[in-house]
Amino acid sequence: MSLQAPEFFAELCLPFHDHTVVGNTYFAALVPDAPLRLRIDFTGTIHADTYGGLRVAVVHPDRGEIDAVALSFVDHGTFHRRDEATNTRPNTKQYGTFDTYHRPGRPPWDGAVTTGLRDAIEQYTTVWFPGAWAASAPRRTASRTPRSTPVPPTTPARARTR
């Protein structure tokens, strides 16, 4: 069965305008006319056709890979809700992973929450491509707004009686 990588990367909502998906790999040029490119691949596990995260790399056309980081689905809470709902135990094949076998009409990564991965990719690309993230799209504010602390209701002061 297919990994459906273009759909996964579309769901990840990366804001880079100059990008493409070739096979199961995402490529992006974050700064126009700059030689550095971003490459994102799925990382496999010891089990066949099972993926445990993403590998994000900065690539130069002449020098090859400059730097890379592995982002595991477990560390970024990608399948935490799904695993809690299905009572999947840690240290099992299915925990924090997805494979190419899935229910018809559903993507292999069904139940994924990609916010943590997206935030990690943003942090990584900001180191290598300062300003590129902001230039690509407006920043999300949904998960970044400060949360207000509820204030307990005030009760009118009572007059002291003697």
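Throughout, read-outs are computed from the coordinates displayed, never taken from laboratory work. Keep in mind it's a predicted model, so treat the numbers as computed, not measured. Reconstructed Cβ throughout: ideal geometry from the backbone, glycine too, with neighbour counts over all protein chains shown.
Taking θ = phi - 60°, what integer Hz values does the Karplus form 6.51 cos²θ - 1.76 cosθ + 1.60 yield along segment 62-75, in sequence order, with x for Gly and Pro?
For segment 62-75, the Karplus curve yields 9, 8, x, 6, 8, 7, 8, 9, 9, 10, 7, 5, 5, 5 Hz.
Per q in 0.20, 0.24 1/Å, what log10 I(q)/I(0) does a Debye calculation on the alpha-carbon atoms of segment 1-64 return?
So the normalised log intensities are -0.83, -1.08.
Would you mind checking which residues have amide H under 5 Å from LEU3's amide H? H placed 1.01 Å from N; only 5 or more apart, or other chain.
When sequence neighbours closer than 5 places are left aside, there are no close amide H contacts.
Placing +1 at every Lys and Arg Cβ and -1 at every Asp and Glu Cβ, with all other atoms neutral, what dipole size does segment 5-136 have around its Cα centre, in debye to the nearest 20? Let's see the in-between values first.
Working: 11 positive and 16 negative charges, 67 e Å.
Using only the charged Cβ atoms, the result is roughly 320 debye.
Just want to confirm a number: the relative contact order over segment 5-136, from Cα pairs under 8 angstrom separated by 6+ residues, in percent.
Working: 206 pairs, mean separation 27.1, N = 132.
With pairs under 8 Å counted, the relative contact order is 21 percent.
Looking only at Cα atoms, what is the convex hull volume of segment 5-136 per residue, in Å³? Numbers along the way, then the final one.
Numbers: hull volume 15.0 nm³, N = 132.
For segment 5-136, the hull spanned by Cα atoms encloses 114 Å³ per residue.
Could you give each residue of segment 17-34 its phi-based ³J(HN,Hα) in whole Hz, using Karplus coefficients 6.51, -1.76, 1.60 with θ = phi - 60°, and x for Gly or Pro?
These are the phi-based 3J(HN,Hα) values: 6, 9, 8, 7, 10, 10, x, 10, 10, 9, 10, 8, 9, 8, 10, x, 6, 9 Hz.
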